[in-house]
Structures are given as structure tokens and as C-alpha cells.
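The values are calculated or read from the model by the stated rules, or taken from the named source; none is laboratory data. All of these numbers come straight from a predicted model, not from anything done at the bench. No Cβ is skipped: glycine too gets one built from the backbone with ideal geometry, and neighbour counts run over all protein chains shown. Each accessible area value is taken on the protein alone, full model and side chains, heavy atoms only, with ligands, DNA and RNA left out. Shrake-Rupley method; radii C 1.70, N 1.55, O 1.52, S 1.80 Å.
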Amino acid sequence: MQQENQTRSNKARTAATRLALINAARMLFSEKGYAETSTPEIVKAAGVTRGALYHHFEDKIALFRAVVTEEYIAVANEITATSKAHPGTAIDALKQGGRGYLKAMQDKGRVRIMLLDGPAVLGQLELAQIDQDTSGDTLRQGLHGAMQAGQIKTLPLDALTVQLSALFDRAALAVAEGDDPQDHLDVLDAIFESLT
């Protein structure tokens with residue numbers, strides 16, 4: 001019984017240390033960027049030892065990858081929550097998903113991590129894999145569902161997903177720099193309507 005409690009305690013401590021590292025790194029990466037953040041700063045902010053950092057993560061890139069993954073999960077959760085809160089047609093779901101995306105991306109730190117440092121540090125292919133692994137490729141699935149329902153034109157799905165995803169990312173960057181989110185949502189809505 002005591003060994004079982006100790007195992008649980010060790011697992012909880014391990015999870016808490018990993019979370020502290022991810023949270024500290026997220027804060028520093030969002031404020032300073034990947035290149036300007038050092039591992040000693042992360043360790044200090046997390047309140048752990050350098051050995052604990054390297055026990056959980058091979059290097060700073062591995063820690064950054066974990067932070068990026070958590071950001072993608074948070075965005076996917078917001079998209080899903082926003083879409084489910086306003087049920088309707090497949091087009092409505094796509095529009096609401098866009099609203100969820102821009103809402104989630106109003107965090108400038110998230111924009112920096114996902115859209116600026118992410119491609120530079122991890123590369124576009126790895127980001128695409130993280131996106132697929134964490135969000136289940138929600139935009140692609142939404143577009144596929146809309147095509148299957150006959151609500152939008154049948155177009156090459158992968159190309160359409162890539163292009164619309166790029167539009168969403170550019171809108172998020174513009175909103176982070178001060179653009180009115182509603183202006184971008186109006187344009188994105190019009191683009192979805194033009195696909196009918």
C-alpha cells in the first residue's frame with residue numbers, strides 16, 4: 001500500500017514538474033521569443049533544477065515542441081467549444097470555428113509561439129503534424145463535411161484546407177497587430193459563402 005502511494009506521489013510530482021517547466025517556458029517564449037529565452041531562465045522561472053529540465057525534455061527544442069503542442073490543443077478546444085455552442089449547418093460550423101480560432105489567437109504570446117517562432121524553430125511540416133495530432137485537423141474535417149452535405153463546391157480538399165488555413169493565420173497575425181477582428185471575420189464569412 002505504501003509503495004502504491006509513493007508511486008502515485010512520484011507520478012504526481014513528475015507531472016507537476018513537467019507542467020511547471022511548460023508553463024514557465026510558455027511565459028518566457030511568449031514574452032521574449034524562443035531565441036531570446038535561455039534554459040537557465042526557464043529553470044529559474046519553473047523553480048526546478050537544470051537536471052529536472054533535462055530529465056523531462058531532451059533540449060530546449062523539445063520543450064518548445066511541448067509548449068507549441070499545448071497551444072494547438074488550447075486553440076482546438078476553443079474552436080470546438082465555439083462551434084458546438086452555435087449548432088447549425090456545415091457552413092455555420094465553419095464560420096463559428098473561424099470565430100473560435102480568432103478568439104483563441106487574440107493572445108499575442110500564442111501568436112508569437114505558433115505563427116512566428118513555431119515555423120522558424122520546428123518547420124512547417126512538424127507544425128502541420130502537431131496540428132493534425134492535436135486538433136484532429138478540424139478545418140479539413142469541416143470542409144469535407146460541408147462538401148459531403150453538398151453545402152459547398154467539391155474542390156481539392158487538401159489544397160482548400162491549406163489555403164484557408166493560411167488565410168486564418170494571416171488574419172490572426174493582423175488582429176494581433178491591432179486590426180479589428182470583425183473585419184476579418186466578415187471577409188472569412190464571405191469566402192465561405194463564395195464556396196457554395
**OP:** Specify which labelled value, from (i) 60, 43, 27; (ii) 50, 41, 30; (iii) 69, 32, 30, agrees with Cα extents along the principal axes in Å derived from the coordinates of the model shown.
**Re:** (i)
Subject >> Gaussian network model of the chain, springs between alpha carbon atoms under 10 Å - residue of Leu53, Leu116, Leu155 with greatest fluctuation >> reply: Leu155
**OP:** Go ahead and set up a Gaussian network model of the chain, Cα springs under 10 Å, then flag whichever of Val121, Val111, Val67 fluctuates most.
**Re:** Val121
Original post:
So between Ser165 and Gln124, what do we pick up on full extension, going 0.36 nm a residue minus the alpha carbon distance?
Top reply: 13.5 nm
**OP:** Tell me the label-point distance for the pair His55, Ala190, using the 7 Å Cα-to-Cβ offset, in nm and rounded to one decimal.
**Re:** 5.7 nm
Subject >> Residue-by-residue Karplus 3J(HN,Hα) for the range 80-97, coefficients 6.51, -1.76, 1.60, Hz, glycine and proline x >> reply: 4, 4, 5, 5, 6, 6, 10, x, x, 6, 4, 5, 4, 5, 5, 5, 5, x
Original post:
Between Leu173 and Ala81, what is the label-to-label distance in nm when each label sits 7 Å out along the Cα-to-Cβ direction?
Top reply: 2.7 nm
**OP:** Using Cα centres only, tell me the gap between the range 25-56 and the range 108-138 in whole Å.
**Re:** 19 Å
**OP:** Kindly write out, for the range 189-196 in residue order, the coupling ³J(HN,Hα) from the Karplus curve 6.51 cos²θ - 1.76 cosθ + 1.60 (θ = phi - 60°), rounded to whole Hz, with x marking Gly and Pro.
**Re:** 4, 4, 5, 4, 4, 5, 7, 6
**OP:** Determine the gain in length on full extension of the stretch Lys11-Lys108; use 0.36 nm per residue of separation and subtract their C-alpha separation, reporting nm with one decimal.
**Re:** 31.6 nm
Subject >> Count, lysine Cα pairs under 15 Å in the range 2-112, 8 or more residues apart or across chains >> reply: 6
Original post:
How large is the charge dipole for the range 55-193, taken about the Cα centre, if only the Cβ atoms of Lys, Arg (+1) and Asp, Glu (-1) carry charge, to the nearest 20 debye?
Top reply: 220 debye
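Expressed in nm to one decimal, what extension gain is obtained for the pair Asp92 and Asp158 from 0.36 nm per residue of sequence separation less their Cα-Cα distance? The partial results should precede the final answer.
Working: separation 66, 0.36 × 66 = 23.76 nm, distance 2.05 nm.
That works out to 21.7 nm of additional length.
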Original post:
How much accessible area does Ser9 have with a 1.4 Å probe, in Å² rounded to the nearest 10?
Top reply: 50 Å²
